[in-house]
Amino acid sequence: IPYFVDSMLDGLNAVSTDKADATITFMATASYLQTKYLLTDLKFAAFYDRNSANESIAVRKDWPTLATILQKALDTLSEEEMQNIYAKWVPSIKPSTDYGLIWKIVVAFLIVLAILILWIARVRRQNRKIKLSKNEVQATNKILQALKSDLEHLVLKRTAELNSSEHKFRSLVENLRNEYFFYQRDCNGIFTYISPSITNILGYTVDEFMTHYHEYLTDNQVNLKIDELTKQYTQNMPISPYQLEIYNAQKNIHWLEVTDTPVYDEYDKCIGVVGIVHDITIRKQADDRLIWLSYYDELTGLANRRLFADRLQNAINMANRTKLPVSLFYLDLDRFKFINDSMGHAVGDEVLKETARRLVSTLRDSDIAARLGGDEFILLLPETDANGAVPVAEKILKKLREPYIFEEKELTLGASIGIAVYPQNACNGEALVHHADTAMYHAKQEKLGFSFYSESMQQEKTIG
């Protein structure tokens, strides 16, 4: 795009100030203007090959002949002659010295030099520190290398142990999927995860158990502690394993043992709990069975000696307070040994169980029936004197004389009953049992069915 100026000087200034890229002018004039106005940043870019402005002479346009003559004269000039003319008429341009710029450059250089010196000094100090600590680093590296070797060995060992443990744990879980399930709950007690093995154990799907868990709990008092335990782990309180009772999908009762482990975030705030649940129903039943067997006869379901002794002492204590008598029956089956030996123990066991059922059916709820062993039974009748004991003994004998039918065979038995009354016949439980036994012995010998204890019987038993 052309840029128009009024003079050669304006053209040179336009190039100097970047308003124009270049200007075409006479070299001599341009050199003069550069020198005068200190336009030292300008340079000659190119020259016309022939008859450039430097080699031209102007004449009036109405004198063309003179222009031809002068042109011929110019054409005869040699290169050396033209250079001599240039040297004479075109002075060399010497740029002026800008001392302000030089001073700024010197100051900048000194600042950079000072910064460099300070940086070098700092680097040297750092190098000295590094050199001083190099030995310590080397020593530490040796220790770390030894520690690294030990740790690598330990990690490899622990990794192998963990892999082994994980394999064993996975095998255990897979083999015990009918006994264990796992879960996660938040601090509000809401389940966020339950392992699928819940279905094998209780018959519920994961979604069913998450949604209706509280509906499956029984009304057992142990279940009332669950919400309180939930509060404990949210308050960073330790939780011991606990048990709960729950219905499975078939409405059968299961016992579960729960072990909760609180989970904390990086601020040591409880965010929930991870739990493992063990179905201990079989173990609980076994424990209950053991407890039951410690107080009851396994064959007949009647009280055993241990429970009977406890109930007898309670009855005597009550009798001492109420001043009401207690009657004790000592019963032994007749012909049982013959049936047991001739027909086998299986039939003998059935006879004993049927006898127990018949005894219980004749007693009040407050009375106690126990089996002492073999075919011997003992009955405790609180608040019953001798007169009240007679009809009970008669009813029992009548009941036991009814035929026993097993495998289409009719068996006939009987019984002998000895009766002792507290406090009439004894001052304590042990003596009462002993005296009833004595009375039973007398009834069996005399074939009386039942008899009450008297001191003369003790003498007869001793003589016998």
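FYI, it's all coordinate maths here, none of it is from the lab. As the structure is a computational prediction, the values presented were derived from the model and not from experiment. Here Cβ is always computed from backbone atoms with ideal geometry, including for glycine, and neighbour counts include all displayed protein chains.
What is the gain in length, in nm to one decimal, between Ala346 and Val107 on full extension, counting 0.36 nm per residue of separation less the C-alpha to C-alpha distance?
That pair, Ala346 and Val107, stretches by 73.7 nm at full extension.
Calculate one ³J(HN,Hα) per residue across segment 294-306 by plugging θ = phi - 60° into the Karplus curve 6.51 cos²θ - 1.76 cosθ + 1.60, and present them in order as whole Hz with x for glycine and proline.
6, 10, 10, 6, 5, 6, 9, x, 7, 4, 9, 4, 4
Per residue of segment 190-200, in order, report the coupling 6.51 cos²θ - 1.76 cosθ + 1.60 (Karplus, θ = phi - 60°) as ³J(HN,Hα) in whole Hz, putting x for Gly and Pro.
Coupling constants for segment 190-200: 8, 5, 10, 7, 9, 5, x, 5, 4, 5, 5 Hz.
Could you sort the peptides 103-111, 426-434, 215-223 by per-residue average Cβ neighbour count (10 Å cutoff), highest mean leading?
Ranked from most to least packed, the peptides come out as 426-434, 215-223, 103-111.
Take each of the peptides 444-457, 139-152, average the number of other beta-carbon atoms within 10 Å over its residues, and list them starting from the highest.
Top to bottom by mean Cβ count within 10 Å: 444-457, 139-152.
Roughly how many whole Å is it from the C-alpha centroid of segment 272-292 to that of segment 203-261?
Here the two parts' Cα centres lie 12 Å apart.
Determine, for Leu312, Leu74, Leu9, the number of other Cβ atoms within 10 Å of each Cβ, and report the residues in order from fewest to most.
By the 10 Å Cβ count, ascending: Leu74, Leu9, Leu312.
Ranked by Cβ crowding within 10 angstrom, fewest neighbours first, how are Met440, Met8 ordered?
Met8, Met440
Counting only C-alpha contacts under 8 Å and six or more residues apart, can you give the relative contact order of the chain as a whole percent?
Once normalised by length, the contact order is 8 percent.
Across the Cα atoms of the chain, what radius of gyration and what greatest pairwise Cα-Cα distance (Dmax) are found, in Å?
61.7, 192
Just list whichever of Lys337/Lys447; Lys395/Lys447; Lys231/Lys284; Lys398/Lys447; Lys353/Lys398 have alpha carbons separated by over 20 Å in the model shown.
Cα-Cα > 20 Å for Lys231/Lys284; rest within.
Contact order normalised by length for segment 181-288, with contacts defined as Cα pairs under 8 Å and 6 or more residues apart; what percent is it?
Computed value for segment 181-288: 27 percent relative contact order.
Relative to the present Cα-Cα distance, how much length would full extension add between Asn200 and Asn387 at 0.36 nm per residue of separation?
Working it through step by step, the gained length comes to 61.2 nm.
Could you give me the radius of gyration and the Dmax of segment 181-288, taking only the C-alpha atoms into account and expressing both in angstrom?
For segment 181-288, the Cα-based Rg and Dmax read 13.9, 45 Å.
Please report Thr322, Thr438, Thr35 as a ranked list, fewest other C-beta atoms within 10 angstrom at the top and most at the bottom.
Thr322, Thr35, Thr438
Defining a contact as two alpha carbons under 8 Å apart and six or more residues distant in sequence, what relative contact order in percent does segment 347-464 show?
About 17 percent, as a whole number.
Take the Cα pairs of segment 329-464, get the Kirkwood Rh, then feed it into Stokes-Einstein at 4 °C and 1.567 mPa s and tell me D in µm²/s.
85 µm²/s
Excluding residues fewer than 8 places away in the same chain, name every one of the lysines whose C-alpha is closer than 28 Å to that of Lys43.
In chain and number order, the partners are Lys19, Lys88, Lys94, Lys104.
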